[in-house]
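The values are calculated or read from the model by the stated rules, or taken from the named source; none is laboratory data. Here the structure is a predicted model, which means the values were calculated and not measured. Every residue, glycine as well, gets a Cβ built from its backbone with ideal geometry; the counts of neighbours run over all protein chains shown. Ligands, DNA and RNA are stripped out before the accessible areas are found, and what is left, the full protein with its side chains, is counted by its heavy atoms. Shrake-Rupley method; radii C 1.70, N 1.55, O 1.52, S 1.80 Å.
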Amino acid sequence: MPHPNGGRGNTFPTTKTFAQAYAHVSSYGLKFNSTTGEPITAAQGVAQDRLTETINFQGENSRHGNVCEQCWGFRKNCSGARIGHCVEALNAFLAKDL
Ligand SMILES: [Zn+2]
C-alpha cells in the first residue's frame, strides 16, 4: 500500500517530527550520510496520490525510497521499502543542527 497507509516493521525514537524535517530539507535538498555510511540527499517530494507530502532519499546511484508523516520513525515505509537507515540519520543530523 502506498503512502499514507502507515509504516511497518520496528520503530525507533525520533526527536524531530516529520514536519520539522520536511521544512528543513526544503525543495533544494539536504545532504547527510545514512547510518550505513552512504551519502544521501533528502528533499521534499509528494507521494503517488500527489497530495501526501514526502521526503525523498536519493543516494549517489540509487533511490533509497521516501518517507511520509505516517511512516516517519518506522524501519519500513508505507510501501515496505527500508528507509530507517535514512530517517534515523536525518533525524540525528537535524537534532545536532536545530
Ligand atoms: Zn508513508
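Could you tell me which residue of the range 33-53 is farthest from residue 97 (Cα to Cα), considering only residues that are open to solvent by 30 Å² or more (accessible area, probe 1.4 Å) and within 13 Å of the chain's Cα centre (by Cα)?
Restricting to residues being open to solvent by 30 Å² or more (accessible area, probe 1.4 Å) and within 13 Å of the chain's Cα centre (by Cα), the top hit is 46.
Every residue, every condition in (1) open to solvent by less than 20 Å² (accessible area, probe 1.4 Å); (2) at pLDDT 95 or above; (3) within 12 Å of the ligand (Cβ to nearest atom), yes or no:
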{"site": "20", "(1), (2), (3)": "no, yes, no"}
{"site": "31", "(1), (2), (3)": "no, yes, no"}
{"site": "55", "(1), (2), (3)": "yes, yes, yes"}
{"site": "65", "(1), (2), (3)": "no, yes, yes"}
{"site": "91", "(1), (2), (3)": "yes, yes, no"}
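Tell me which of these residue 82 doesn't satisfy, since it passes every other one: (1) within 14 Å of the ligand (Cβ to nearest atom); (2) open to solvent by less than 70 Å² (accessible area, probe 1.4 Å); (3) over 19 Å from residue 95 (Cβ atoms); (4) at pLDDT 95 or above.
(2)
Out of all the residues in the range 58-80, which are in a loop (DSSP other than H, G, I, E, B) and under 20 Å from residue 14 (Cβ atoms)?
Across the range 58-80, the qualifying residues are 69, 70, 71, 72, 73, 77, 78, 79, 80.
Considering each residue of the range 26-57, count those that are among the basic types (Lys, Arg) and in a strand (DSSP E or B), and give that number.
1
Scan the range 85-95 and tell me whether some residue there is among the small types (Gly, Ala, Ser) and in contact with an Asp or Glu (Cβ under 8 Å, 6 or more places away or on another chain).
No, because not a single residue in the range 85-95 is among the small types (Gly, Ala, Ser) and in contact with an Asp or Glu (Cβ under 8 Å, 6 or more places away or on another chain).
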